[in-house]
Amino acid sequence: MKKLFIVANWKSNKTESEAKEWISKVSGLKDQDLSNKDIILCPSFIHLPIAKTLIKEQMLPVGLGAQDISLFEAGAYTGEVSAKQIKEFAKIVIIGHSERRNNFGENDDILFKKFKLAKENGLAVIFCVQGKETKIPENVDIIAYEPINAIGTGNPDTPENAENVAAYFKANFKVPAVLYGGSVTASNVNSFTQMPNIDGILVGKASLDPEEFYAIIQNV
Ligand code: PGA
């Protein structure tokens, strides 16, 4: 049976107390057989430390990821969080989300540099693509196919189309794992994860509600 990635992307949401409450509400995960699931939580940078502490204390089978990294090494870059700093808390980082491309002007050049820095610092990367035309760096670990009009709209892509894109990246670029993201919920998750070339999901809005996220994990 293939191992499925179930990734929560909280984006720019949650206060510290809300983050703590979410983690306490998924505490039942530690009593489940999750051997074929890799659950990864990507909170805001500021919540990585508390999430790391609570996950360890409660022995939860949840890994941590970051939503982005600085384009630069550690140094004089006010306001940035470097890959080296993130590595203390997270094992993986999302790079190239369409919200970064569209709102922060991140182009292929910037994103490929971020990818390189992440790898040099020992972070795995979930590199987001918006379609078959998106350029990807060589040796990317995981791709997330996230069509822009499916993100946060309640209007997901079809599982057949997502499968087609996943198969394309695997066949042409030997990408080991491809995730789907865009309006995934507990009720539609299985239609994506049952596709042979889809290795998991990247969940935004539905991951904010711990009960819904818990249900997504049960339903994959
Ligand atoms: P959504 O976001 O689940 O809210 O559509 C997915 C994403 O942007 O990763």
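Residue check: is residue 71 in contact with a strand residue (DSSP E or B) (Cβ under 9 Å, 6 or more places away or on another chain) and either modelled with pLDDT of 95 or more or within 27 Å of residue 211 (Cβ to Cβ) (or both)? Answer is no for this residue. Return yes or no: is residue 56 at pLDDT 95 or above, under 18 Å from residue 208 (Cα atoms), of a type outside the set (A, V, I, L, M) and not in a strand (DSSP E or B)? So residue 56 does not fit the description; no. Consider the range 82-119 and keep the residues that are touching a helix residue (DSSP H, G or I) at 6+ places or on another chain (Cβ under 6 Å) and in a strand (DSSP E or B). The one that is surrounded by the fewest Cβ atoms within 10 Å (Cβ to Cβ) is 93. Applying the set (1) farther than 17 Å from residue 136 by Cα; (2) surrounded by 13 or more Cβ atoms within 10 Å (Cβ to Cβ); (3) among the aliphatic types (A, V, I, L, M) to residue 71 leaves exactly one unmet item: (1).
Scanning the range 5-28 for residues that are away from the ligand (no atom under 16 Å from the Cβ), modelled with pLDDT of 95 or more and under 13 Å from residue 218 (Cα atoms) yields a total of 1.
For the range 4-31, give me the residue count where each residue is within 19 Å of residue 93 (Cβ to Cβ) and surrounded by 12 or more Cβ atoms within 10 Å (Cβ to Cβ).
Number of matching residues: 10.
On the stretch given as the range 112-160, residues that are among the charged types (D, E, K, R) and under 12 Å from residue 96 (Cβ atoms) total 4.
For the range 207-216, indicate whether the set of residues that are aromatic (Phe, Trp, Tyr), closer than 20 Å to residue 32 by Cβ, assigned to a helix (DSSP H, G or I) and at pLDDT 95 or above is non-empty. Yes; the residues of the range 207-216 include at least one that is aromatic (Phe, Trp, Tyr), closer than 20 Å to residue 32 by Cβ, assigned to a helix (DSSP H, G or I) and at pLDDT 95 or above. The set of residues in the range 26-81 that are among the acidic types (Asp, Glu) and free of Cβ contacts under 8 Å to residues at least 24 places away in the same chain comprises 31, 33, 57, 80. The condition (being surrounded by fewer than 19 Cβ atoms within 10 Å (Cβ to Cβ) and within 15 Å of the ligand (Cβ to nearest atom)) is satisfied by just one residue among 122, 154: 154. When the residues of the range 125-146 are filtered to those that are out of contact with any helix residue (DSSP H, G or I) (no Cβ under 8 Å at 6 or more places or on another chain) and closer than 17 Å to residue 197 by Cβ, the one that is surrounded by the fewest Cβ atoms within 10 Å (Cβ to Cβ) is 141. Whether any residue in the range 168-177 is closer than 15 Å to residue 5 by Cα and surrounded by 15 or more Cβ atoms within 10 Å (Cβ to Cβ) is what I want to check. Within the range 168-177 (the criterion being closer than 15 Å to residue 5 by Cα and surrounded by 15 or more Cβ atoms within 10 Å (Cβ to Cβ)), the answer is yes, since at least one residue qualifies. Pairs, please: C-beta under 8 Å, at least 6 apart or cross-chain, first residue touching a residue at least 24 places away in the same chain (Cβ under 8 Å) and in the range 209-220, second of a type in the set (Gly, Ala, Ser) and surrounded by fewer than 17 Cβ atoms within 10 Å (Cβ to Cβ)? From the range 209-220, the pairs are 214/28; 219/187.
Do we find a residue being surrounded by 22 or more Cβ atoms within 10 Å (Cβ to Cβ), assigned to a helix (DSSP H, G or I) and within 12 Å of the ligand (Cβ to nearest atom) anywhere in the range 181-198? Yes, the range 181-198 contains a residue that is surrounded by 22 or more Cβ atoms within 10 Å (Cβ to Cβ), assigned to a helix (DSSP H, G or I) and within 12 Å of the ligand (Cβ to nearest atom).
The values are calculated or read from the model by the stated rules, or taken from the named source; none is laboratory data. Computed from a predicted model, the values in this text were never measured in an experiment. As a convention, Cβ positions derive from the backbone with ideal geometry for all residues, glycine included, and neighbour counts pool all protein chains shown.
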